[in-house]
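Structure record follows, encoded as structure tokens.
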Amino acid sequence: MIPASHVLLLGLAQLLIGLLGLVLRRAGLVVLASGLVMLDGVMLLFCAGIARTGSTSQAEGVVVLAVIVAVALVGAAVLYSFHRFRRTVVLDEHDRLSN
Amino acid sequence: MQPILFWTIGVLSLLAALAVVSLPRPQHAVVALVILMGLDAVELFLLQAPLLAVETIVVASGAVLLVWSVLVRRRRARLGVPGRRRYNVTKLLSFFVVLALGLVLVDVVLQAAEPQPRAGSDVTMVTGALLSLVLLLIAGPVTWWILRRARSSEEGEQA
């Protein structure tokens, strides 16, 4: 049996790598992918939490998966919308709230 | 499961995560993300969370492939960032903030002793399923509204 702290460390490492991509990259698609890497790490953290509590429900992880899908859907739509307005998905170019 | 197997797959998944955030071409980053999710699904399966593993493979990879088909395959969007990578003060500060946050979090995790088992979570599968359903029911119309607004504004510009 893997100790919960090992799973916590792996999830935390993924979370931090995703956070780095989120703050350092400019391409919209990579920023969206970095957010999904972070959420993947969160799911591992939930898995560690499930192991800690001894629960078998996995309900928290299902919610995180739904969040991943929602982020991917809405994020892709926002990028598509950005591209329609400015013909680019480089986030530095999108610095206004209005057109 | 042996820790060596866990960390072998774990290191591979960390390499895939690093590839997602460091590859210059966004298309390659999306491929690395699919690989990462597959490796995490294997981890979840080995951690005796088979439901999460199957959902990760099916649902999350489906979402990533949707992003791929909308933004990448049609080659409509200029996805890459031209020119050399530029670093400014904000990005350097952000890097060090992430580093500091990471050190704090790792310290918290290492300080936490192996937990004592307690009673199962209050969140039942039904609650989780209902929450997920509500979330997806909200995300669907929001996506549709954003796409519709973008299309109508472009049609207005063309007219």
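Where a number appears in this text, it was derived from the coordinates with a stated rule and is not lab data. Keep in mind that what you see is a predicted model, and the values were worked out from it rather than measured. Reconstructed Cβ throughout: ideal geometry from the backbone, glycine too, with neighbour counts over all protein chains shown.
Below are the figures for this structure:
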| read-out | value |
| --- | --- |
| Mean Cβ count within 10 Å, highest first, over the residues of peptides B:53-59, A:14-20, B:40-46 | A:14-20, B:40-46, B:53-59 |
| Total formal charge among the other residues, if their Cβ is under 15 angstrom from that of B:F45, Lys/Arg +1 and Asp/Glu -1 | -4 |
| Partner chain coverage, peptide B:8-20 - average Cβ within 10 angstrom | 5 |
